[in-house]
Each structure stands twice: as structure tokens, then as C-alpha cells.
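The values are calculated or read from the model by the stated rules, or taken from the named source; none is laboratory data. Fair warning: this is a prediction, and the values are worked out from it, not measured in the lab. A quick note on method: Cβ atoms are made from the backbone with ideal geometry, for glycine too, and the neighbour counts reach across all protein chains shown. With ligands, DNA and RNA removed, areas are computed over all heavy atoms of the protein, side chains included. Shrake-Rupley method; radii C 1.70, N 1.55, O 1.52, S 1.80 Å.
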Amino acid sequence: MSDDLLLSLLWMVPLGGAVLLLLLPRAFVGAARMAALGVTLCVLCLTLIVFVRYVSGDQAPIHRSLADRAADNFLNSTNLDQTDAFAGFLTTDAVQVIDAPGDLVVRRPWIPYFNIQYYLGVDGINLGLLTLTALISVLACLASWNMDQHQRGYYALFLLLQASVMGVFLALDLFLFFVFFEVMLFPMYFLIALWGGPRREYAAIKFLLFTLFGSALILIAFLILYFWSGDASATLAKVPFRAHSFDAPLIAKVTATTSYYGPSVQGAVFLLLLIGFLVKLPAFPFHTWLPDAHVEAPTPISMMLAAVLLKIGGYGLVRMAWPLAPAGAYSWSMLAAALGAISIVYGAFAALAQTDLKKLVAYSSVSHMGFITLGLSAMGLFSSTGDALDPRYYAYGVVGANYVMLAHGITSAGLFFLVGVIYERTHTRDLNALGGLMGVMPVCGVLGVVIFFGSMGLPGLCGFIGEAFVILSEFNHSPWIAAVAAFSVVLTSGYILWAIQRIWLGRNSTWDGLHDLTPREILIVLPLAAFTVLMGVAPQVVLWWMQPSVDSLVRDLAAAPTVRAVHETLNGLPSSQPVAAERPHHAMRGAKAPVD
Amino acid sequence: MTSHWQVWLYVAAVFIPLVAFATGVLFRRWLRSWIAWIATGAIFCSFLLSLIGFLGFIPHLKSSHGESSQSDHAQVAIPFAWTADFEWLDIGSRLLPGLESEPVKGSLPALRIPVSIRIDALTVVLFVMVSLIATLIHFYSIAYMAEDPRYSWFFTYLSLFCFSMLALLASDSLFLVFMTWELVGICSYLLIGFWYEEKTNVQAANKAFIVNRIGDFGFLIGLGVLWTSFGTFSISEINRELADPGLRDAHLRLTRPTATHGDPGGLVRLSSRDQVVEGAGPGTTIPLFVSYSALVVAGLGIFAGCMGKSAQFPLHVWLPDAMAGPTPVSALIHAATMVAAGVYLVGRFFPLFTHEVLLFIAYIGAISLVIGATVAVVQTDYKRLLAFSTVSQLGFMMLGLGVGGWSAGLFHLVTHAFFKSLLFLGAGNVFHAVHTFEMASLGGLRTRMPVTARMMLVATLASAGIPFFSGFYSKDAVLASVLQFAEFHPGHTILVVLPLLGSFLTAFYIFRMWFLIFDGEPRSEQIAVHAHEAPRVMTLPITILAIFALVVGYPWTILPLATPVVEAWIEAAEPLAAMRVSAGVRWTAIGFSVLISLAGTVAATLFYSRFKLFSTRSILSDLKPLRTFLFNGWFLDRLYRLVFVLPVLGVARGVGRFDHHGLDRLVNETARTTRGISKLGDAFDRYVVDGLARGIGWTLYGLGWLGRLIQTGQIRTYVTLLSVAMLGLFVAVYFWIR
């Protein structure tokens, strides 16, 4: 199977499945769930094939950065006029496709008039998220087993949701990304509004409006990048660059190597993208849609929402906000870091105050998502004397942010599923009414405690690695913000232990006779618990394939000439020339140079 | 770094309990109570391996400082250790080659987090101690926990604890120490809340974990500052850099550097990190500095973690409540091993702590030892009494370390582990027999539980510091260090007074406990009638512990003339040549020590034994407010609740309310306003824009209607209208012309 087809299948298979389900005759409604499960399993297999292709062999894509691989696949317009690139695309028929096989990048013209491409690619940053999406979809599909109203519609929307999320993670063309991003809203809206709890219309419309607000900002940022005419001397591989492109790796390369987009336009683009994706993440103060959406959404949709949809916000930050506007990110890094730290602490405080179990888990998501923002904004890129590039600590922050995404995907799916299990049996989510479930549901209790501890960030479980990296990295950026974020260890242990106590521990005869997890439920929780332990004990399981891509991302961010320009302006340094080697450098940030 | 094969002994010793834990989790259903034996066997294997390691280490158990520091003061000998590094996390090392045209390219070391293991004399001794005590307590628990419905879980948790504790001791990376630190914390949580049906037990477990996490918050800050300053987590590497005598004053304490010989003030120069500049001539180096303030912050942060774990004031409040767990757990985790981890880390990372931080450590230790002792004096629950006694003894160790008595503090850790675990197991035997922790209803158990009573007496003598029992030697060593320190720094004499007071109280309360439980006549016959000696499985471990509690403090000659054997072993691991105590000071310390502990013992005898001369009743009623104050642990729990817990919960509620009534309201109001605006637009559209359009329509229609009125189709009407119009026209023309 060619890699072009393989990557396209990742989103086309669930989409096709959705269409087929809608065409399913009424007589076979009962088969809908089997069909949906089959489709999600099929996607999981395809994802695993992508995974294996990505890492195995000498020529495997893992050895080359996404930008390099993307450059091998290009669209050659024979009629392209270099002096006026925009005019060249008016001739739609003259585009020639050059495709390198087996490199997990797909590139085809889509709307040549606007230089819009059908452009998909895989690297270490989205590979994990694709796998996570495929896995959680299978588990959420299993968790939907007892959903018995309008099955065809439910599963069709569910598969449509999966298709659009896969598309978002795959797309490298900004326009294509935006299309998938918007398409995702439609199934999610209906899944909450039709299958949700009592206030479902409110929650669904709130979710929709918030995301639309964010996506409007994102679209503006994309259009600025598209239409901006900047430094005329900027060239890329000796070809003058003139914008009019939605090609994300290309623009990232432009910002990493040239000053085409100046610091001020990058600042604007960064802020627009930051706010746009923070809404989706969500982060304080744009998070209030999340608790409502979670409380009203049915359990499997909550799992998808927490484990996968929130990651779109994080992924957008990693893939778009930072690489497309590194200088903007660098100049606003304190603000972004502060927003991250506030989210962490605010979310933890809010979680501590909840009595509704589902809301507690929702606010804990807000808290954990803060680590993604914080890790990315820990941009202590220069050594303490202020001129030598030293992105070693920042690499830990970015790795940490990416790790948090996966770890939270695992634990939050598990938590929401367990909340659903408990609600199904006890018909309450009130923490004051629960308690004593350990005695009647020991298997649920043990697995639940493992996942709760994983969410708490206990060493040896998945939450710890990412969060520790982020906090440690932030110390090289701003020790004060790092200390604020570190304080969350106290609050987190507070709300997690309190929740464990009020769900499982103690004595409560009300629940006598409740049955423990069924085999189907164990089948859902066990993989999540296993990943919780595995990713905590052996982080290399994830890091070895994630790291090369993160390294090249960090290298591009750190080496961007505009970042250095911003740094020199901020610190009043003389403009950039190679710095004299005699200058002593200090291990401690902020240490003054000795007076000679 | 070269790796020694002996390290594998220790790796095996660490991982065998983990295998037992995994077996317990996975095959609990099939193995049932066999798990107890698997866990016990596993820790026994660890013990044997540690013993082999210890025997192999004996040739290296010689202090390297004794001779070398005299002759060559400039160079600190690095204590011998078996070490090994295993790659674990290595992020960003492939990053640097891609960064071109950078002046420091290639000279920046990659930031690695390896699994580094370092086995030095201290580790060797503590491994034997921990695995021995753990083995005995496992064995003891087989009988003690036999009736428990969650018997197999108990041993599974214990195995996890043993793994984490041993891993903590073996690791040289501060990052790994932090991880294992949290792991022992979670084991402690699981075991305190082992009987989770009772709400108080769960609350005690939560309290223990959360209070520890407050300390860990500091630990994390220390971790971050060190990581940023040094770029490594290796404890021995940081130690080596900071142990440089050139950085230290006459008493080898790290003080704030002043701006001399070209170096700016407030910065500590790491000479071992000097980097040679390529092509700039021989001897041209780039000096590397660490800010002194950063060291202070890091030291305080790390020590905050140690305060949490080792139950030091003001974070000691969790330990008394932790007694809610099964008694063997109290003996192993909350007396002998885990709570000593804080002391251990202070010792392990000793060169990091600057003069100010060490003073802080000493004062915290002194305060904790007094608070613990005063509260222990009035307790009526013997398990709580022992808990406060642990706080007090840990304070002793911290004090010893803080004043620079490195080996003294850690030596006390070892002796304390033996006599305190013995006291707890003895208490377990008593509870097993009488099912109460209240001393008021006990008494006279001496004859009914002879073995327990005798062994407990050994531990009592040891902890009171009576000569020829282990506690005496270690307490004496700590006192000698304190006296020596006070001689160097006369402003800190209070640091001598507090431990003397503490020693007196210790002797008093510990004998009070023994007398109240074992001496005299039973105060409650229906309780005493069931009292019986514990089975052999339970008396054997305490007998073995009693032997150690007796001899572990001995010098070769038993007489307190030379350094005790175990202290000398520990000394071989000393990271810097710390304080040497002069002979005069040592004899003064012995004198004080003997007098004070005898005084305490005699006082307790006069008040509580069957030879008592005074009744405590009248004194207690006179001092009722003081007694209430002490009994409630200086009301610190209530104070914390008022000052910390309630405000935090208040803030949480505030945030929750703000989220709901503030932010969310804002969102809803925005939505409502938008809807209002759109309604307004709708109205405008309907009435103004549309109204205009319709207005025009209506006007035209109206005109048309009017027009239609005259279009009747009748000739007569048309002719009439025509005539009227003509007439009008003529009239108008007439007037116009005129």
C-alpha cells in the first residue's frame, strides 16, 4: 500500500464507515455497533501500520525531519512566474506532482487557484496523537455498547468525529487543517445536543460558539500569513519567498531561516493562534465550556472529548502557534507561561471545590492542559550571559508538553469512563453521596486508583514524566512561574486523594449488591491502566520515536533569526554577530559576568 | 564512568521486592496467603545480597579523611564507592550539532538523566539495616496480620515499599531520589489507610500524603534550581564540586563568597568545571559560577522535602496520625526506615547545604526534638507517644547534621531504627494481647508477657540513652558535635540547651511508658486477664532486634572511648571532612549525657514505677492547661487548619464560585447581550428598514386606492369630474393672470 493511500485511509475509512452506517437498512440497526467497532479497529490497525512504517528500516521517515521529507514531495507548476507567484496559479492544469514514496507525506493540488493543497504528513509529534485517537476511538466505541437510541445516527456521527479528528492531526496545509477543524464541530455538536444530559442544548451550543470564536481567530492568523508581504530579500533554497501559501512546514521553514515575517507580525499571528487554540485546549480564561460539555456529554463522548479533542488545541499550539511564529512566541513567552501556570493552579483549585465527580475530572483537565502551554512557553533559549544559544532546557519543556498530551489522553479517558461506570450503577455523581465502593467493586477500585494516581502525577505512572519535565524546564525560563506551577503538586494530591476517599473508601451500605466491572468494561479500562503504568515506568517507549521530531522543532525555533532579533532587542544587546569566545558563560541564569 | 560488578548485587537487592510486588498484584487470586511468604522471602534475599555486599565492602570501610585531610588540606579525597550509570532519559543531546555558528558549540554538555547508582559506606550500612529490619517485620507480620481479610494486599504493599526504599538508598540521581521519595510516600499512604473502612484512617492517610507533598513542593523547587544551575542531577557530582575546601571557611562550612581575587561576590566558583578555551593559549579557562543565593534556595527546598518526610516541625503533624496504620507498618515505615529518608538525604547531599541552611536545619531539628518530647510526656496512647518520640529522635538526627556532626547524626539514625522498631513491635505485641492503646487501663503486664517486657526494657534503656545501650553512644555523639559547634559559634548555645532538655524528657517519657504498661499492678483486670505472651513468630523478631538495639552502638571496647564501630563505618562515606570533636568536649558530652538520662530515668521511676514516691494526680490537675496544650501537640493541628487548610479550601470554593458566577456568568451574559443586540437588530430591521420599504409600499398602495376610488367606470362621474376640473382650471388661470 502506498503511503499516500495509507495516510488518506486514516480519515477516509471512518468517513466511509459513517456514510455506510447511514445507508444501513433499518432491519440491520442492531449491527451498527459491530460495524462501528469494526471500522475503528480497522483504523487502529492502519495507524499501527503507519507507526511501523514510520520507525522501521534504515530509510524510515523517523530519520528525517518532516520539513525535509515534505520538500521531496513538491508540486511543480510549469507556468510559475517567479516574480509574481500568485499569478502563476491561475493556470490550474500545469501542476506536476512529484511524489517520493514511503516517506509518509502526501501532497496533491486541491484548489490550485489559491495554492491550497491536499497535504498530509506524519512525524513524531502527531504520530502519538493519531495512535491515541485510534485507540481511544475503539475504547469509546466499546463504551457505547449500551447506547440504544438512534444507533445508526450515533455511530455515524461518532465515526465522522473520528474522521475529522484524524484529518486535523494529519493535515499540513493550513486550509485543509481548518476545514477538518470546522467539520469536527458538526458531529460533536449533535452528539452532545442529541444524546446528552438534561442541559445538553446549552452545553452543545456553548461548545460550538466557543470553538467558532477560536477558529475565527485561527483563520485570521492563517490569512495574515497567507497575504503578508514581508522582507523582499527572503529566499528559501534560492527561490524568493512571496507568501501566498498555506503550506505549514514551508512557512515554518521560512520563519526558522529568514526574516520574511518580522517580529511584529509574528507577534500578532502568535497571539491569534494562541487564543484560538487555548479556547480549544482549554485554558483559563476560555475554559468554561468544558465542564458543561463534559457534564452533559454521554460517557463515550466525554472520553473522546477529554482524550482526543482537547489535544487538538495542544497540537495546534505545537504544530502551528509556535513554529509559524517563533519570534512572536518568544516575545510573548512570559504571558503564555503565566497563562499556563494560572490554568494549572486555577484548574486545581476549581477541582478541589467540586462536588460533581465529572466536573472535578473536567477541571482537572483544565489543570493538566496548562502544562502543555507552560512546557511550550518555557523558552529559556539563551545562556545566562545572554548571547549563546542554549535550548537544552527548552527541549525538556517541549518533550514534556507532548508527553503530557499523551499521558492525559490515557488517564482522562480512563477517568471519564470510570465516572460513567459509577454513574450507571449508582445513578449519582455527587461526591458527598458516593463512598465505600471499594468493598463492592474492588476491580473497579484498584484500576481506578491506578488511573487516578496516574492523573495525580505519581512517579512510576504516566502523568509524572511530562509534568516534571515541564516544571524543571520552566525553571530555566522563569523560576517564579515554575514555583507557582510546582505548587499544583499539593493541590492535585488534595483533590485526587479527596476524590478517591469519597468515591471508594469508607463504608456505605447503600451500594450493597452493585456488581463489579463486566468483562467488556475491564477490556476498556485495562489497556488504559496498562498504558498508565507503562508510560510511567518506561518513558522511552514514547520518547524514542517522539524525540527526533521534537529536536528538530526545538532547533528550528531556537535558531530562527527573528527570535535572536527579539532577544537582542529585549536585552539591549548589540545586533547579532558571532560572539567573542573569550566571554565567560555561567551555569546559573542571571549570574553576572566577572569584572575583569 | 566505570561500573563495578558489585552494583549488580544491589540492583538485584532492589528489584527482588519489586518482583514480589508484581507477583502479588498479578497472581493474588491464585497465590492467596502464600504472598506473605513470597514477600518475606524476597526481602530476605535482598538482605542476604546486602550482607554479601557489606562483606565485600569491608576493605573500603576506612575513613579517607582521617589521614589525608591532615597532610593535604587542599584536596578532598572522594569517598570510595561502587558506581554505575545506565542510560535513561537523554533529551536534546542530538539538538546541539544542528546549531551552527555558536561560540559554545560542542562545549555544552547534554542534559542527561541517567539511572545512576552509587554504593558507598553509608549505603552499604543502611542497606543491611533496612533489609534486616524489613525482613524481621515481614516475618512478624505473618502472624500479626494473619486474621486480616486483606492479608495478601498488606504484603504486596510492603514489597512495593521495600523496593522504593532500597531504590531510594541506591540512587545517586536526585531525580530518581525524588521519584522513589514519592513512591515510599504512596506506600505510606496505602498502608496508613490500610483499613480504609474507617474514615479517620483515610483522613490520616490523606493528611500524611498531602503534608508530605507540601515538603515535596519545596523539593521540586530545589530540584529545578539545581538542574538549572548545574545541569545535572548527580548528587555525587554536585557534592564533589561543592566540597572543595577552597570554597569553605575554617570549619568547612560553605559561606557567602566575597568579591576577591577577580571573582565577583555572591557567586560560588566551580573550579572543576573550568573550561579550557581552545586556541587561546594554555591555561586560559572559562570559570563557571553558581549563585550562592541559588544554593541557599536549593538547600532550603531540598530540606523542605526532608522536613516533610522526616516529620520535622512544622511538617511533623502527619506522623502521629499515621499511627492509624497497622503496627508493623508503623515500626517499619514510620519509625525505622521511611521517616529516616529525610535525614538520610540531608546527609547524602551534605555539601550542598550552606552555612545558613545548616543552621536552619539545626534549629528545626532542635525545635522538633523539644516539641516531640514535650508532647510525648503527656500522651496516654502508647503508640502516639512513640510517634512523638520518633519526631523527637529525628530532630536529634537533624540537629546533629545541622551542626556538622555528619556521622553522629547518621549513626543515630541507625541505632534509632533498631530500638524504635523494637519499641513498635513490642507495642504491637501488647496490643495483640490487650486490644487497647490506652496506657491508663494497662499495667502489670511484666509477669504475663515476660519476653516482650524484657525486650521492650532493652529498647527503653537504649532510647533513654543509658550507658552501654546503643542509644547512649549515638546520642552522645550528637551531643558532642553540638557542644563542639557551640564552642566554635558561641552565639548558638541554645542548641546545647534544647537537646539536653530533650534527652531528659526522652528518658522520662520512655520509662513512664514502660512503667505504665509493664510495671505495678494491672489497672483493669478484665483487660489484663486476656493478656498473654505473643507467639514465637512475633517474639523472635523482637529478640533479634533487641540484640541489635543493645550492641549496634558499641565501639570495639564497649567503653565509650573510641568511635563506635558503625559510626566509623559510616564515616568512611563522609562527603567532606566534617567536624572533629576534641577530647575535652567528648568527655563533657559523656558527662552531661549520663547525668541527664539517669536524671530522667530516676524521675520517671519516682513518679510511675511501683517504687513511686509522688502521685502524678495532683501535679497534673495543677498543670491542666499546660497538659491540654501539650497533649494536643501544641494545638498545631488546629492552627494549621485555621491558617492553611481552611483558607485553601476557601480559595478553592472562591475559585469554583468565581468560575460559575464570574467567568461563566460573563460568558452567559455575553451570549445574552449578543442575543439582545441581535433582537435589536431584528427590530430595527423589521420596523425601520423593513418599515421604510413597507411604508413606501403602503403609501403607493394608498395612493392607488385613492386613485381607484375615482375610477368608477360611470360616464356621469367622469363628466362631472371633468367639469369640476375645467372649472377649477379656469379659476386658477384667471387668478394667475390677474
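For this structure, a couple of remarks:
- Theoretical ellipticity at 222 nm over chain B - DSSP helices of four or more residues, -39500 (n - 2.57) apiece, nearest 500: -21500 deg cm²/dmol
- Taking a ≥ b ≥ c as the square roots of the eigenvalues of the Cα gyration tensor, an a/c ratio of 1.5 or more together with a/b larger than b/c marks chain B as prolate.
- Cα pair count fraction exceeding 29 Å, expressed as % - segment A:332-537: 28
- Hypothetical label at B:LEU48: residues of segment B:8-37 whose amide nitrogen lies under 13 Å (7 Å Cα-Cβ projection): B:13
- Based on C-alpha pairs under 8 angstrom that are at least 6 apart in sequence, chain A has a relative contact order of 14 percent.
- Per-residue shielding of A:388-397, expressed as the average number of other chain Cβ atoms within 10 Å of the residue Cβ, stands at 6.
- Only protein atoms count toward the accessible area here, which uses a 1.4 Å probe; on segment A:332-537, the carbon and sulfur part of that area reaches 69 percent.
- Computed E for B:THR717/B:ILE696 - FRET, C-beta separation, R0 41 angstrom, nearest 0.05: 0.85
- Relative protection proxy for A:512-520, B:306-314, B:440-448, from highest mean packing down: B:306-314, B:440-448, A:512-520 (other beta-carbon atoms within 10 angstrom).
- Sites A:ARG507 and B:ARG523 - FRET efficiency at Förster radius 22 Å, r taken between beta-carbons, to 0.05: 0.10
- Neighbourhood charge, 15 Å Cβ-Cβ cut-off, centred on B:ALA462 and excluding it, Lys, Arg +1 and Asp, Glu -1: +2
- Entry note, segment A:332-537: relative contact order of 28 percent, from Cα contacts under 8 Å with a spacing of 6+ residues.
- Label-point separation in nm, A:VAL19 to A:LEU5, each point 7 Å along Cα→Cβ: 1.7
- Percent of Cα-Cα distances greater than 48 Å, calculated over chain A: 12
- For the protein assembly as shown, the alpha-carbon coordinates run over 148, 84, 78 Å along the three principal axes, in decreasing order.
- Simple spin-label estimate for B:ARG150 and B:ASN668 in nanometres, 7 Å along Cα-Cβ: 4.1
- Convex hull volume per residue, computed on the Cα atoms of segment A:279-343, equals 72 Å³.
- Given charges at beta-carbon only (K, R positive; D, E negative), |dipole| of segment A:332-537 in Debye: 300
- Estimated distance in nm for a label pair at B:THR258 and B:LEU606, the labels positioned 7 Å out from Cα along Cα-to-Cβ: 5.3
- Under 19 Å from the Cα of A:LYS238 - lysines, other chains or at least 8 residues apart: A:LYS253
- Residue-span extension gain [B:LYS199 to B:LEU26] - 0.36 nm each, minus C-alpha spacing: 59.4 nm
- Once all protein chains are placed together, A:LEU160 keeps about 30 Å² accessible to a 1.4 angstrom probe.
- For the residues of B:180-192, the average number of beta carbons from a partner chain within 10 Å of their own beta carbon is 2.
- Per residue, the accessible area of segment A:332-537 comes to 23 Å² when a 1.4 Å probe rolls over the protein heavy atoms.
- Most tightly packed first, judged by the mean number of other beta-carbon atoms within 10 Å of their residues, the peptides A:44-53, B:169-178 read B:169-178, A:44-53.
- Lys/Arg +1, Asp/Glu -1 at C-beta; the protein assembly as shown dipole; positive extreme among B:ALA477, B:LEU288, A:ALA348: A:ALA348
- Restriction of the chymotrypsin sites (Phe, Trp or Tyr not before Pro) in segment B:465-533 to DSSP coil positions whose beta-carbon has at most 15 other beta-carbons within 10 angstrom yields B:PHE468.
- Segment B:139-264 pair-distance distribution - Cα-Cα, 5 Å bins, rounded %: 2, 9, 13, 14, 15, 12, 9, 8, 6, 5, 3, 2, 1, 0, 0
- Each peptide in A:492-504, A:10-22 gets a packing score, the mean of other Cβ atoms within 10 Å over its residues, and the list from highest to lowest is A:492-504, A:10-22.
- Between B:ILE58 and B:THR616, the C-beta separation translates, for a Förster distance of 51 Å, into a calculated FRET efficiency of about 0.55.
- Dipole magnitude for the protein assembly as shown: about 3260 debye, using +1 per Lys or Arg Cβ and -1 per Asp or Glu Cβ, origin at the Cα centre.
- Averaging the sequence gap over all C-alpha pairs within less than 8 Å and six or more residues apart, then dividing by the number of residues, gives chain B a relative contact order of 12 percent.
- Spatially near lysine pairs across chain B, Cα under 25 Å, sequence gap of 8 or more or different chains: 16
- Loop-located chymotrypsin sites (Phe, Trp or Tyr not before Pro) in segment B:1-62 (DSSP state other than H, G, I, E, B) with a sparse environment of at most 12 neighbouring Cβ atoms within 10 Å: B:TRP5.
- Partner chain coverage, peptide A:553-560 - average Cβ within 10 angstrom: 3
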